[in-house]
Structure formats: structure tokens, C-alpha cells
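Input: a single structure, listed below in C-alpha cells.
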Amino acid sequence: MKKITDGELFSPEEFSGILEVERRKIIKAKKERRITSRTFSYLFENRETVLNQMNEMILIENIHDDKEKRHILDTYNELIPDDLEFSVSMFIEISDEKKLLQEMPRLSGIENNVYLVFGDHEVKGAPEEGRSTDTLESTLQYLRFKFDGKTAEQFKKAKNAFIVTRHPIYKESAEITETLLPQLKSEL
């Protein structure tokens with residue numbers, strides 16, 4: 001997917017004028033691109049989701065400085081998948097704060113144990129470099145599922161696909177929906 005350029009960004013004032021319309025659009029888009037298991041949700045990122053995040057950040061931080069906008073472009077463009085890959089934001093969905101604090105140490109290493117499984121094939125998720133630590137410190141992890149040509153062709157032929165966690169404590173799966181799967185096949 002093509003990276004986002006500064007000409008696609010809105011000023012805080014421009015974005016605040018269209019915020020409600022944009023929020024409705026992005027809520028719908030993210031709903032279609034998100035799958036969930038018992039403990040996790042996974043958002044398959046694309047240009048639309050990333051551009052919205054950039055514009056939201058510019059609005060929230062009231063950014064007008066070109067250097068700061070460049071930093072946002074550089075940072076968030078990393079979420080846009082390259083050829084033959086998916087970029088996925090993985091969210092830990094434990095809403096009870098007390099339980100979340102108890103579970104965070106037990107979730108350590110979860111980002112290294114996530115797989116995209118389809119047919120007899122699987123692709124291991126690669127966590128964002130420099131983000132993994134001995135202690136899980138964030139409820140948001142960024143993963144890349146990188147394919148070679150042969151595996152990409154197998155994915156395109158798959159009738160169903162799942163994201164699976166194979167953590168010693170958290171073994172879960174989430175099926176990619178029948179509406180999302182064709183979209184992902186076309187994006188690969």
C-alpha cells in the first residue's frame with residue numbers, strides 16, 4: 001500500500017470541521033477490519049485506518065508545526081503494510097483494571113506467540129522491533145504477518161483463516177470474518 005503524504009493530512013481546524021463524519025466512517029471501517037477472541041482484538045490496518053489515526057493525533061495534539069507533522073507521518077506510516085504482508089494492531093481487551101494489572105505479567109511474551117493460520121499453513125506474527133520487553137508494558141502490540149509468494153497464493157485460496165495465540169497461558173483463536181477475508185486476499 002502506498003504511504004500517506006503530508007498533502008493528505010488536515011490541519012486541526014479542518015479536521016474538527018469534519019470530525020463527526022470521519023468518525024462515523026472510521027468506526028464502520030474498523031468494525032469491518034477487526035476480529036476478536038475472548039481476550040484480544042486484532043485490527044488489520046490499511047491506509048484509511050492509519051490516515052484517520054494521523055489526523056486524530058494532529059487534532060488532539062493541535063499540531064501545526066511541519067516538523068511535528070513529519071514525525072507523525074514517519075511514525076504512523078510504519079503501520080501501513082508493505083507488499084505481501086498484513087499489519088495488525090493487537091489490543092488486550094481486559095476492561096477490569098484490577099484484573100488487567102494482575103494479568104499483564106502473565107501476558108508477557110504474547111506478542112511473540114501470534115499466528116495467522118489458514119488451511120495447512122501459518123505465518124507467525126513479527127512484533128514491532130524494540131517494543132517487546134520481559135514485562136508486557138502495553139495493552140497494544142503491533143504485528144506484521146509477512147508472506148512469501150507461495151504462502152500468499154495459499155492464503156488467497158483459503159476458505160477460512162484465523163489468528164491464533166499460542167501463549168502458555170493464553171491459547172485463543174479468532175476467525176477472520178467472511179466479509180474481511182476477501183478484502184485481505186485482494187490486499188495481499
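The values are calculated or read from the model by the stated rules, or taken from the named source; none is laboratory data. Worth saying up front: this structure is predicted, and the values here are computed from it rather than measured. Using ideal geometry, Cβ is built from the backbone for each residue, glycine included, and neighbour counts are taken over all protein chains shown.
Okay, here's what the table says:
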{"read-out": "Selection status of Arg144, in contact (Cβ under 8 Å) with a residue 60 or more places away in the chain and closer than 30 Å to Lys2 by Cβ", "value": "yes"}
{"read-out": "Tally of residues being over 30 Å from Gln154 (Cα atoms) and either surrounded by fewer than 16 Cβ atoms within 10 Å (Cβ to Cβ) or in contact (Cβ under 8 Å) with a residue 60 or more places away in the chain (or both) across segment 84-97", "value": "4"}
{"read-out": "Any strands (runs of 3 or more DSSP E) falling wholly within segment 114-188 and containing at least 2 residues that are acidic (Asp, Glu) and over 15 Å from the mean Cα position of the chain (by Cα)", "value": "171-175"}
{"read-out": "Residue among Glu78, Glu32 that alone is part of a helix (DSSP H, G or I) and at pLDDT below 95", "value": "Glu78"}
{"read-out": "Set Glu45, Glu13: member being of a type in the set (D, E, K, R) and either over 26 Å from Asn113 (Cα atoms) or touching a residue at least 60 places away in the same chain (Cβ under 8 Å) (or both)", "value": "Glu13"}
{"read-out": "Filter result for Leu100 (in contact (Cβ under 8 Å) with a residue 40 or more places away in the chain and either assigned to a helix (DSSP H, G or I) or more than 30 Å from Glu122 (Cβ to Cβ) (or both))", "value": "no"}
{"read-out": "Qualifying position, being of a type outside the set (A, V, I, L, M, F, W, C), assigned to a loop (DSSP other than H, G, I, E, B) and either buried (at least 16 other Cβ atoms within 10 Å of the Cβ) or not assigned by TED's automatic domain parsing to the domain that holds Ile176 (or both), among His64, His71", "value": "His64"}
{"read-out": "From the options Leu100, Leu116, residue that is modelled with pLDDT under 95 and surrounded by 11 or more Cβ atoms within 10 Å (Cβ to Cβ)", "value": "Leu100"}
{"read-out": "Test: residue in segment 49-59 that is in contact with an Asp or Glu (Cβ under 7 Å, 6 or more places away or on another chain) and assigned to a loop (DSSP other than H, G, I, E, B)", "value": "no"}
{"read-out": "Qualifying positions in segment 169-188 - without any contact (Cβ under 8 Å) to a residue 24 or more places away in the chain and of a type outside the set (A, V, I, L, M)", "value": "Lys171, Glu178, Pro182, Ser186"}
{"read-out": "Subset tally (residues that are farther than 29 Å from His167 by Cα and crowded, with 19+ Cβ neighbours inside 10 Å) for segment 27-51", "value": "1"}
